[in-house]
Each structure stands twice: as structure tokens, then as C-alpha cells.
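Read through the structure below, which is laid out as C-alpha cells, and then see the notes.
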Amino acid sequence: MCWAYKRSMLTLFLASGFSYATYSLVFVFMNVFLPLVTSISQKETLIMSTCFLVVDFLLLPVFALISRRISQRSLMIGSLVLCSFGGLPIFILLEQGTLLVVLFVRFFLVVLGVWFSATFHAWAQTLLPYTCRFTGITLSYSLGTQLLGAPSAAISLFLFQHTGSVSSPAWYWMGLGVLTLVCMLSSEKKGLVK
């Protein structure tokens, strides 16, 4: 029965993968990547990760309040647009490698992650009818996070090792963001998202 809503499930699949990839990029990948491209030690990156988890926690209610004035879907699309066009420049900043730049980049990525993910589950509830909501969301979310999100750190590190470009880890994440954005926008145009 859920198969009739395959486009909504595809949107959920991509969105959950993007959400997971964003958090994986900030809290997993950066801990390995930054010591390779900057003078910052792995110990310092782990301390930063802990601090940014607190920032993440504090930003969640902020974006929940914002979602009362701006629709959940609009917030998510705004985050995707910023990721799609701002991901590459933000990673290029890492070439400078100073502590201040690294803090800014990680803060920017945390804000993008919370911006997108804070309303994800409430938005997901609107995509499928009650009769197949739980099966559809669970299946799409599980597959999206595991097939698209979980390997993002490994894919990003692979891209960096094979290109040597500091900006190359952003390619997978930006590509996933663009696919999610296109899918969200096309679903709305066809009237599939309520």
C-alpha cells in the first residue's frame, strides 16, 4: 500500500540521508579531516565536537520556535539551498586552517544541520497518509540514513585522499543536498506533499 506513495518515500529517503550526512560531516568526519589539513590536533577537534554538541542542543528549540512562523518545509528548503551553494566556499575556507576559521566552519555546519533536522520528523508526518505513515517513514528513514548518510564520512575522506583538494569532501554532501532539494521541490509541484 505504501508503494503508491513512492515519490514521498523517495523524498524522505533523500532527506534522511542528507540529515545524517550533515551530522556525520560535523561530528565524525571533521575529527579525522581537520588534523590532516590544519595544525589542529585530534584531541582539539574532539573537544570542539563536544562543545558543538552543546550548541546543537541549544539551537534545537530556537529552530522549533522559528518553525512556528515559517513552515517546516520552507526551513528545510532554505537549509538545502544554503548547503547546495555555500558548501564549497565554506570548505575552501579550511585551506587557511586557523582555529578561528575552523570554529566558524564547524559552527556553520552545525547551524545548517539543526536548521534542516529540527523540523524533519514533524515534516515527515505530513508526507504519507495514516494508513502507511509509520511503515513508509520507518523504511525510508532507515534506508536513507544507512545507505546515504552513514557512508558519507568514508566517501568524503576517499574524495579528499584521491583529489588532494580540501573542498572535495563537500562534493558528496552538496550533491546529496541538491538531490534532496530537487526532490522536495518536484514533489510539491506535483501536489504529492500535503
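The values are calculated or read from the model by the stated rules, or taken from the named source; none is laboratory data. Model, not experiment: these values are computed from the prediction. Backbone-built Cβ (ideal geometry, glycine too); neighbour counts: all protein chains shown. What goes into the accessible areas is simple: the full protein's heavy atoms, side chains included, and nothing from ligands, DNA or RNA. Shrake-Rupley method; radii C 1.70, N 1.55, O 1.52, S 1.80 Å.
Of note:
- Three-way shape label, the chain, alpha-carbon gyration tensor, a/c 1.5: prolate
- Theoretical gain in end-to-end length, Ser165 to Cys51 [0.36 nm per residue, Cα-Cα removed]: 38.3 nm
- Whole-Hz couplings from phi, Karplus 6.51/-1.76/1.60, listed for the range 44-56; x for Gly and Pro: 5, 5, 5, 5, 4, 4, 4, 5, 6, 5, 5, 4, 4
- Among 6-17, 114-125, the order from most to least packed when residues are scored by Cβ within 10 Å on average: 6-17, 114-125
- Taking a ≥ b ≥ c as the square roots of the eigenvalues of the alpha-carbon gyration tensor, the range 24-76 is classed prolate because a/c is 1.5 or more and a/b outweighs b/c.
- Charge-dipole axis of the chain as Lys and Arg at +1 and Asp and Glu at -1 on Cβ define it, positive-most pick from Val105, Leu159, Trp173: Trp173
- Derived scalar couplings ³J(HN,Hα) [the range 95-105; Karplus, 6.51 cos²θ - 1.76 cosθ + 1.60; whole Hz; x for Gly, Pro]: 4, 5, x, 7, 4, 4, 5, 4, 4, 4, 4
- Anisotropy class of the range 125-194 from Cα gyration tensor, a/c 1.5 cut: oblate
- What a 1.4 Å probe finds exposed on the chain is 71% carbon and sulfur by accessible area, rounded to a whole percent.
- J(HN,Hα) series, the range 154-160, from Karplus relation 6.51 cos²θ - 1.76 cosθ + 1.60, nearest Hz, glycine and proline x: 5, 5, 5, 5, 4, 4, 5
- Projected label distance in nm at Ser39 and Leu103, using a 7 Å step from Cα toward the beta-carbon: 1.7 nm
- Nearest 10 degrees, 0 to 90: helix 6-24 Cα axis against the chain principal axis: 20 degrees
- Solitary cysteines of the chain, where the nearest other Cys Cβ is not under 4.7 Å: Cys51, Cys83, Cys183
- Highest mean packing comes first when the peptides 130-136, 171-177, 181-187 are listed by Cβ atoms within 10 Å, giving 171-177, 181-187, 130-136.
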